[in-house]
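What follows draws every value from the coordinates through simple rules; no lab data is involved. Since the structure is predicted, the reported quantities are computational estimates derived from the model, not experimental observations. Backbone-built Cβ (ideal geometry, glycine too); neighbour counts: all protein chains shown.
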């Protein structure tokens, strides 16, 4: 493990800039707890001295002293005699982890590079509080919205309009996440006699969700450099699928983007073969190279009129906001809604109010903050890999949440086993291969803070040295569940 890091007073003052000063010590403590809780101030970081922070913020010494006391009392910090004040979290480093997602023998200090999901951006707690204030107005009703609350449907439809895909509110079905939306589509449209084409590699949970109605899966190989549309056309002719799952925007796990010309060509192929696209748009807002643009291409559905779009707030905002949606052609809405009722009866009202506020407010600002963080973390991960593992290759993605790394030899599974012994959890390539293979690849998300990513690469390099020396054992702990 690396030594504890320190945070300068000037840096911390910039992070808490604009905190509520009524009263100031409470606002400062709240701002610090949010920064510690979402990982922008890392676990075990030494905070500035009270004197230095007082000067940097231009507040009274009492304000900082009382704010630090609140942090200690709420278990977000601890004082170490003669060393200073260090950040911590209630319940320890693993307080936020569902044990179903981690091997049973994993302890503190393990770095999770399985889950490609970032912490919440600043200000989300305040949006929840504002939404909670709106909640009483809805308590007089039954609270069930199988298609979604009307204001939220309208806000999602307006977002599609702004992207160049005219959408009516009644074309939107709100779901508890994109995965639930995908399961609804699979249950409604792909029965046991129907083929469903998916890409390989692809997000494995989407494959399972598409099987909800009994559909049979077939895979289209996706080259690390992009889509082979001739191969796609051949697969469409061979399999005659009912559905085709496509991730055209910062594909998970490769980070690839389907160009405008390719979208148009793909759409024509689907029409020719009578197949319906299920378009996973969970990452479409996560462009990292141009922070002034949230989307470089038009929605895939603009080129395929029968396409069904599946969207989510989990990647662009926060995974804890379990909000997704389906944008479907008018003719399919009733069928999809009926299938949805067989799986769940709607999303909690509070979460719908939160997303409505975000969509009607400063969602662009929230997403930009996420993208800035992800870009910094992507660059840190890429730099560390280039330095420590120069024989690994990857294409720098323009967006998304992960690097798709090619190993010199097919040993990703062995590496994931050995890396766990070095304190890093990895998702090897076969996890993303619906029909097997891809053991020469590993997905490395850059969703955690940059210093942790650098430390993770150091550990992975040590594990890779063991694998290369033939020292990796064939069995290991229970594999973590891949959720994102």
Calculated log₁₀ intensity ratio I(q)/I(0) where the Debye formula runs over C-alpha points of region 247-398, q = 0.15 Å⁻¹: -0.95
Label-zone membership for region 53-79, site residue 17, 7 angstrom Cα→C-beta point, backbone N under 19 Å: 53-59
Mean-position separation - Cα centroids, region 40-78 and region 221-290, in angstrom: 49 Å
Between helix 24-37 and the chain: long-axis angle, C-alpha atoms, 0 to 90°, nearest 10: 50 degrees
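Throw me the Rg/Rh for region 126-361, computed over C-alpha atoms with Kirkwood Rh, two decimals. Provide the component values of the computation, followed by the final result.
On the way: Rg = 17.4 Å, Rh = 18.0 Å.
A ratio of 0.97.
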Region 9-87 - Debye-derived log10 I(q)/I(0), Cα point model, q = 0.12 Å⁻¹: -0.27
Estimated 222 nm signal from helices in the chain, with DSSP H stretches of n ≥ 4 weighted -39500 (n - 2.57), rounded to 500: -12500 deg cm²/dmol
Principal-axis tilt of helix 363-388 within the chain, Cα atoms, nearest 10 degrees: 80 degrees
Potential lengthening between residue 62 and residue 343 on full extension [0.36 nm per residue; Cα-Cα distance subtracted]: 95.7 nm
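State the extension gain, in nm to one decimal, for the chain segment bounded by residue 396 and residue 55, taking 0.36 nm per residue of separation less the distance between their alpha-carbons. Could the numbers behind the result be given before it?
Working: separation 341, 0.36 × 341 = 122.76 nm, distance 4.13 nm.
Stretched fully, the residue 396-residue 55 segment lengthens by 118.6 nm.
What relative contact order, as a whole-number percentage, does region 9-87 give when Cα pairs under 8 Å and 6 or more residues apart are counted? The partial results should precede the final answer.
Values: 88 pairs, mean separation 26.7, N = 79.
Rounded, it is 34 percent for region 9-87.
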Additional length obtainable on full extension of the chain from residue 462 to residue 208, 0.36 nm per residue less Cα span: 88.0 nm
Cut-off 20 Å, label 7 Å out along Cα→Cβ of residue 137, residues of region 353-373 by amide N: 353-363
Cα pair distances in the chain, grouped into 20 Å bins until the bin that holds the longest one, percent each: 23, 53, 23, 1
